[in-house]
Amino acid sequence: MDLSEYRNLYKKKDASPGWDAISSCLEELYPGQKPMHWGTVISHMLGGPDPLDGISAYWCKDISGDHLHFCTYGYTSLYYDEDSVGGDYSQYGFEMTFRLANIQNDTNELVWVCNLLQNIARYVFESNRWFEQYHWIPANGPICSDCDTQIVGLAFLNDTTLRPIDSPHGRVEFIQAFGVTQAELDTFNNTKETVKEVIEYNRKTNPLLVTDLLRK
């Protein structure tokens with residue numbers, strides 16, 4: 001898409017072509033479902049403290065077990081942005097996803113997930129270092145501080161149900177965060193090969209790599 005086509009398609013400067021591209025991808029995966037959504041009072045581009053402008057979550061029914069599938073809005077260029085037209089990647093080039101098991105349909109009880117995803121985004125925005133498949137980070141404690149859980153870190157992989165898309169601002173990939181234990185963190189040794197081994201071992205019984213806070 002060249003700049004002229006972009007201007008003709010999104011004449012209103014309050015358009016959000018990047019946001020719409022992500023939403024369309026999610027709606028295709030979960031047709032007819034209204035997601036849970038958490039937004040920010042002030043957009044990051046207007047000086048808001050949260051780097052992500054929104055997080056949506058959809059119910060997913062799968063052999064891995066019913067769970068919520070979260071997706072961020074904010075690592076990529078979401079709004080009308082002529083400077084992003086024609087780029088290979090949209091801003092950081094990815095949005096983050098996360099799957100959570102054993103939860104209730106209560107948005108208040110899920111705020112910790114939003115805080116977790118916002119904290120990851122703060123790290124990316126402040127350090128200008130982003131995540132790719134088989135990267136990992138320790139959480140320096142349980143990923144949910146109010147839970148008695150042994151999940152104390154995150155490994156990253158390509159989300160297998162959300163394929164990369166070409167948004168009007170460039171390519172967008174979907175990188176999934178998966179909760180890991182301290183024992184698993186201890187095996188990583190700073191290599192992608194060991195992270196891959198742990199991920200693929202878990203995938204045998206958990207195909208979509210849903211994070212379960214009760215997992216030992």
Of the candidates 89, 58, 123, which one comes out as most mobile in a Gaussian network treatment of the chain with C-alpha springs shorter than 10 Å? 123
Just subtract the alpha-carbon distance of residue 216 and residue 43 from 0.36 nm times their residue separation and send over the number in nm, one decimal. 58.5 nm
Taking all protein chains as present, what is the carbon and sulfur share of the accessible area of the chain, in % to the nearest whole number, probe 1.4 Å? 48 percent
To the nearest 500 deg cm²/dmol, what mean residue ellipticity at 222 nm is calculated for the chain from DSSP H runs of n ≥ 4 alone, each contributing -39,500 (n - 2.57), summed and divided by the residues? -8000 deg cm²/dmol
In the chain the cysteines whose Cβ sits 4.7 Å or more from every other Cys Cβ are 25, 60, 71, 114
In this structure, the FRET efficiency calculated for residue 61 and residue 20 from their beta-carbon separation, with R0 = 22 Å, to the nearest 0.05, is 0.30
Solvent-accessible area of residue 66, probe 1.4 Å, all protein chains present, reported in Å² to the nearest ten, please. 90 Å²
Angle between the Cα long axis of helix 17-29 and the longest principal axis of the chain, 0 to 90 degrees, nearest 10? 50 degrees
Interchain or sequence-distant (5+) residues whose placed amide H lies within less than 5 Å of the amide H of residue 91 are 77
Which aspartates and glutamates have a Cα less than 16 Å from the Cα of residue 13, not counting those fewer than 8 places away in the same chain? 5, 81, 82, 83
Acute angle (nearest 10 degrees) that the helix 111-127 long axis makes with the longest principal axis of the chain, alpha-carbon atoms: 70 degrees
Checking the a/c ratio against 1.5 first, then a/b against b/c, what shape does the Cα gyration tensor give for the range 42-100? oblate
Tell me, what is the per residue accessible area of the range 60-216 in Å², probe radius 1.4 Å? 49 Å²
nm² value of the averaged projected area, convex hull over the Cα atoms of the range 76-216: 9.5 nm²
What is the helix-to-structure angle for 192-203, meaning the angle in degrees between its Cα long axis and the longest Cα principal axis of the chain, kept from 0 to 90 and rounded to the nearest 10? 80 degrees
Highest average packing first - 33-44, 172-183, Cβ atoms within 10 Å: 172-183, 33-44
Decide, for the range 171-216, between rounded, prolate and oblate: order the square roots of the alpha carbon gyration tensor eigenvalues as a ≥ b ≥ c, take rounded if a/c falls under 1.5, and otherwise choose prolate if a/b is larger than b/c, else oblate. oblate
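The values are calculated or read from the model by the stated rules, or taken from the named source; none is laboratory data. Given the structure is predicted, the values throughout are model-derived calculations rather than measurements. Note that we place each Cβ from the backbone using ideal geometry, even for glycine, and neighbour counts take in every protein chain shown. Protein only, heavy atoms only, side chains kept; ligands, DNA and RNA dropped before computing areas. Shrake-Rupley method; radii C 1.70, N 1.55, O 1.52, S 1.80 Å.
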